[in-house]
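Read through the structure below, which is laid out as structure tokens, and then see the notes.
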Amino acid sequence: MCNLKTPFPLKCVLSGIKQKYSSEVVQVPQDVNAGMTDVLSIIFQLQEDLMKLLNELYTVMKTYHMYHVETISAETKLREAERQEGRVKGLSGTGGGVEPVFGLRIEERHQRRNAARKMEKMREKRKAKYSENKLKTLKARNEYLLTLEATNASVFKYYIHDLPDIIDCCDLGYHSSLSRALRTYLSAELSLEASRRAGLEVLEGAVEGLDPARDRQRLLGLYPTAFCPPLRFSFQAHMGDAIASQPQLQAELTLRLTQLQTRLASLKIENEEVKKTWGATLTTLQDMTVLEDFDVSHSFTHSPSSESVKSSVSDGYLNKPSLAKKRANQQETELFYFTVRELLFYPFYSILF
């Protein structure tokens, strides 16, 4: 614009436009930097929750492995006790020979019967221990499977839903503010000199191409290692252990299923209400940032006198709420928006505990 010999009245129009929108162009990176603090806080919280869930997954897996080892040990001891009991009973039941002294034979039989009773008690004790350990193993394995599924779901949610939403949070007002500023410049230039239209249409096409969703996808594609979800965690069977029917835990699992369904229904209702509040807040925030006031062609339709041009600029731009008040309202709305948005980042795994 510096090499254009623009008449004085039009220079006044451009000066007023420049004074109005230069501050808003400078404000664009400031808005982005201000929002980054909240975004980073949300990212750190989400990653901390994921780490807690991974630690919980590791803990329940180790607990399951420990109980399974104890079950195998108890089963080995039980089988050994059964073999010893069978051996003692076999000895006590095969007294065919006639002893020289009848009293010694009676005493030997009595000792064998006592030994058989002791072995039977030991077998019952070890059987009870084996049953107890087996039940603990089944419960630990169920807990491991539930935590494993919750972990996979949380990781999937983080990479597929949370990260794109966080990137969208960084974009609040950026594309709209940049588009509005550039459209204002385009409108002024196209009204000043029609001969420059060809070059300005190229810039207009670039402005029209501003697409938050496409930019987000491009960012995700540039850094696949950071934004693509990893492989799902799979069940690690321990020493030949296999998932099978568990009739002894049917009642407990049915109760837990009912509790989880009730919790999910409650969370769904709560999440819908939060989404409604978030949507209304987002609409209000977008109304503050997306202003269709980039067309300034009407400022060039007034008489060429200096006073009339200044009056049109004053009526068109300066007679609005102060920038400080506008910024205060926008910051208050943004704070409430991020507060509500945090409620939507509800940890998926928390419904299990």
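The values are calculated or read from the model by the stated rules, or taken from the named source; none is laboratory data. What you see is a predicted model; the values in this text were computed from it and never measured. When we count neighbours, we look across all protein chains shown, and the Cβ atoms used for this are built from the backbone with ideal geometry, even at glycine. Each accessible area value is taken on the protein alone, full model and side chains, heavy atoms only, with ligands, DNA and RNA left out. Shrake-Rupley method; radii C 1.70, N 1.55, O 1.52, S 1.80 Å.
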| task | Would you rank VAL13, VAL26 by solvent-accessible area, highest first, keeping every protein chain in place and using a 1.4 Å probe? | result | VAL26, VAL13
| note | Computed ³J(HN,Hα) along segment 139-152: with the Karplus parameters 6.51/-1.76/1.60, θ = phi - 60°, integer Hz and x for glycine or proline, the list is 5, 5, 5, 4, 5, 5, 5, 5, 5, 4, 5, 5, 5, 4
| task | From zero up to wherever the largest Cα-Cα distance of segment 24-76 sits, split into 5 Å bins and tell me the percent of pairs in each. | result | 4, 16, 10, 11, 10, 8, 9, 6, 6, 5, 4, 3, 3, 2, 1, 0
| query | Could you state the number of Å between the C-alpha centres of segment 199-258 and segment 152-190? | reply | 21 Å
| Looking only at Cα atoms, what is the convex hull volume of segment 111-270 per residue, in Å³? | 171 Å³
| query | For the pair LEU135 and LEU219, what calculated FRET efficiency results from E = 1/(1 + (r/R0)^6), where r is the Cβ-Cβ distance and R0 = 41 Å, to the nearest 0.05? | reply | 0.20
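Rolling a 1.4 angstrom probe over the protein heavy atoms, how many square angstrom per residue are accessible across segment 102-193?
Computed with neighbouring chains in place, this is 51 Å² per residue.
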| Over the heavy atoms of ILE72, what accessible area does a 1.4 Å probe trace out, to the nearest 10 Å²? | 60 Å²
| field | Surrounding net charge for LYS62, when Lys and Arg each add one and Asp and Glu each subtract one, Cβ distance under 15 Å | value | -1
| message | Starting from the 7 Å offset along Cα-to-Cβ, what nm value, one decimal, do you get for the label separation of ARG79 and VAL25? | response | 8.2 nm
| Charges only on Cβ, +1 for Lys and Arg, -1 for Asp and Glu: so what's the dipole of segment 138-267 about the Cα centre, in debye to the nearest 20? | 340 debye
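To the nearest 0.05, how large is the calculated FRET efficiency for ALA237 and LYS118 if R₀ is 41 Å and r is the Cβ-Cβ distance?
0.65
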| task | Provide the solvent-accessible area of LYS134, counting protein heavy atoms only and rolling a 1.4 Å probe, rounded to the nearest 10 Å². | result | 90 Å²
| said: Leaving out ligands, DNA and RNA, and with a 1.4 Å probe, what % of the accessible surface on segment 191-281 is carbon or sulfur? | reply: 60 percent
| field | Solvent-accessible surface (1.4 angstrom probe) belonging to GLU56, in square angstrom, nearest 10 | value | 70 Å²
| Given the Cα-Cα distance of GLU108 and ARG256 and 0.36 nm per residue of separation, how much length would full extension add, in nm? | 47.7 nm
